[in-house]
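The values are calculated or read from the model by the stated rules, or taken from the named source; none is laboratory data. It should be emphasised that the depicted structure is a prediction, and the values quoted were computed from it without experimental measurement. Glycine also receives a Cβ, built like all others from the backbone with ideal geometry; neighbour counts cover every protein chain displayed. Just so you know, the surface numbers come from the protein's heavy atoms only, side chains and all, with ligands and any DNA or RNA stripped out. Shrake-Rupley method; radii C 1.70, N 1.55, O 1.52, S 1.80 Å.
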Amino acid sequence: MVTLIHTLSDHSDDVNYCAFSSSCLATCSLDKTVRLYSLNDFTELPFSPLRGHTYAVHCCCFSPSGHALASCSTDGTTMVWDTRDGRRLAVLEQPSGSPVRVCRFSPESTYLVSGAADGSVVLWNTQSLKLYRSGNVKDGSLVACAFSPNGNFFVTGSSCGDLTIWDDKMRCLCNEKTHDLGVTCCDISSQPISDGEHESRYFQMASCGQDNQIKLWLILFADFLGAELKYKYTLSGHSAPVLACAFSYDGRMLVSGSVDKCVIIYETSTGNILHTLSQHTRYVTTCAFAPFVLLLATGSMDKTVNIWQFDHEQPCSGNIIQNESKMAVENWSEEDVLAWLHAQGLTDLVGIFKMNNIDGKELLNLTKESLMNELKIESLGLRSKVLRKIEELRMKMESVSVAIPDEFLCPITRELMKEPVIAADGYSYEKEALENWLSNKRRSSPMTNLPLPSLLLTPNRSLKVAISRWLETQQK
């Protein structure tokens, strides 16, 4: 279930974009402003709105730490702001002076990308706030951009329908026509997918366009291979151009917004529609999931931003716990710790932890004395709650077993397969799950969404043996 919990109506014109950090929500508009809200209660921050752009603001994005916010505008600039006090840190002018339509920070915060209406794309060094490299797409305006989680490459989308993959040296690795009437948005899931055979990893990407379609892709990136873009399947549901799409933090859900005024939430493993939200009264221009916590923001030409909350049975629920098994807590960044605090209901401590730059290693080493003497947390109840949550974290870390290899999981249920079968699309599934899929009068592949030439299911005995052997090693 998805519940509308708040509506923000402060902008005086179309809302163009919204973005989350672990503690804030940023929105920008045709009204030339950027607004910042606290995730604690969705009150606007004291120094908001941010003013400085002389024309419409098209896009905004947070740096990985959440300490900086970038915004870009028709005025041909990308501005960088300090989210702690609203100070403007820099005004980055697009070399061509063309209207800037999209901006993105790299995951490690080394670079900031800005893309413009004339097809120019610029990599800015975030330390010096100087131009590092620049390039151009083949044709059309640059309107979409997304970084891979490892920061090795980024993807841009253009109004002529091309998706282009670049490395961090601004070398064009791949260019492919994907949406006939133009790309409008793209996003890359933060969770990589192992291909099961090589060290190379796939990243799941979504793109949407003026053709009413949302397409799912797999990107393979390796230094010696360059980049490869593989079509996965197309999601249906919208009846008009799709203007925005975004993955949930764990990659298990995808949200989209459209000219048809609807927001649709999909389960990415099956392509099934989980929810359709129809509260906006004009085009839905932007949508974004919060990191870690179960919140969704959608913005519209009706001048509002809606905040939605998921119940705890959604596919992305519990993603903090899942990520504890994927990433050792001692390797958490400061941003991960802040997101964990939000998820545990400890939002009152976010400012203190942020000020003291507490990362995962320091989190695990916190004691009653350090909470009281170093972090100056006066409330005994808060100190006790933090220590209790940290102890739960340690216990979960100790109980987590080795992650299940992705190839052992059924693509439909994402659970360990007991009776794997091979379908006519060449993929392996849990027999019961695929039979249920087919019994609902579906003749399409759960993985590609293409028609299955045959309903024959062949037992995958070699995979079953491999799973049994893996289970034996876990019991020793």
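For this structure, a couple of remarks:
- The one condition in (1) in contact (Cβ under 8 Å) with a residue 24 or more places away in the chain; (2) out of contact with any Asp or Glu (no Cβ under 7 Å at 6 or more places or on another chain); (3) of a type in the set (S, T, N, Q) that S96 fails to fulfil: (2)
- Residue within the range 119-137 that is closer than 26 Å to E44 by Cα and part of a loop (DSSP other than H, G, I, E, B) present: no
- Those residues of the range 143-186 which are under 12 Å from I219 (Cβ atoms) and open to solvent by 30 Å² or more (accessible area, probe 1.4 Å), in sequence order: P149, N150, N152, L173, E176
- Among the residues of the range 260-267, at least one is within 20 Å of T184 (Cα to Cα), in contact with a His (Cβ under 9 Å, 6 or more places away or on another chain) and basic (K, R).
For (1) under 16 Å from the mean Cα position of the chain (by Cα); (2) surrounded by fewer than 20 Cβ atoms within 10 Å (Cβ to Cβ); (3) farther than 21 Å from R414 by Cα; (4) assigned by the TED database to the domain that holds Q344, each residue gets a yes or a no:
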| position | (1), (2), (3), (4) |
| --- | --- |
| S258 | no, no, yes, no |
| Y266 | yes, no, no, no |
| S269 | yes, yes, no, no |
| H275 | no, yes, no, no |
| T285 | no, no, yes, no |
| F292 | yes, no, no, no |
| S300 | no, no, yes, no |
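- Filtered by the rule that a residue be open to solvent by 10 Å² or more (accessible area, probe 1.4 Å) and modelled with pLDDT of 80 or more, the range 329-349 gives no residues.
- When the range 14-46 is limited to residues that are out of contact with any helix residue (DSSP H, G or I) (no Cβ under 9 Å at 6 or more places or on another chain) and among the hydroxyl-bearing types (S, T, Y), the one that is surrounded by the fewest Cβ atoms within 10 Å (Cβ to Cβ) turns out to be T43.
- Counting the residues of the range 65-89 that are more than 24 Å from V122 (Cα to Cα), without any contact (Cβ under 8 Å) to a residue 40 or more places away in the chain and not acidic (D, E) gives 1.
- Neighbours by Cβ (under 8 Å, 6+ apart or cross-chain): first from the range 447-468, more than 18 Å from A424 (Cβ to Cβ) and assigned by the TED database to the domain that holds A433; second open to solvent by less than 70 Å² (accessible area, probe 1.4 Å) and assigned to a helix (DSSP H, G or I): A466/F408; I467/F408
- Residues considered: T184, T126. Of these, the only one that is closer than 28 Å to R252 by Cβ and assigned by the TED database to the domain that holds F247 is T184.
- Matching residues, the range 223-248, being over 12 Å from L296 (Cβ atoms) and either outside the structural domain of Q213 (by the TED database) or part of a loop (DSSP other than H, G, I, E, B) (or both): D223, F224, L225, S236, G237, H238, S239, A240, P241
- Among residues of the range 374-430 being open to solvent by less than 30 Å² (accessible area, probe 1.4 Å) and more than 30 Å from T448 (Cβ to Cβ), the one that is modelled with the lowest pLDDT is L393.
- Any chance N150 is touching a Leu at 6+ places or on another chain (Cβ under 9 Å) and in the same structural domain as L89 (by the TED database): no
Yes/no matrix, rows are residues, columns are (1) more than 16 Å from V143 (Cβ to Cβ); (2) β-branched (V, I, T); (3) at pLDDT 95 or above:
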| site | (1), (2), (3) |
| --- | --- |
| P49 | yes, no, yes |
| P64 | yes, no, no |
| T74 | no, yes, yes |
| T77 | yes, yes, yes |
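- Subset of the range 90-109 that is modelled with pLDDT under 95 and more than 22 Å from N136 (Cβ to Cβ) - its residue that is nearest to the chain's Cα centre (by Cα): P107
- Hey, Q309 at pLDDT 90 or above, open to solvent by 50 Å² or more (accessible area, probe 1.4 Å) and closer than 30 Å to T276 by Cα or not: yes
- Residue in the range 130-147 that is under 24 Å from T33 (Cα atoms) and among the polar types (S, T, N, Q) present: yes
- Qualifying residue in the range 49-64 (condition: in contact (Cβ under 8 Å) with a residue 60 or more places away in the chain and under 21 Å from A290 (Cα atoms)): yes
- Considering (1) part of a loop (DSSP other than H, G, I, E, B); (2) modelled with pLDDT under 90; (3) under 22 Å from the mean Cα position of the chain (by Cα), the lone condition that E197 does not fulfil carries the number (3).
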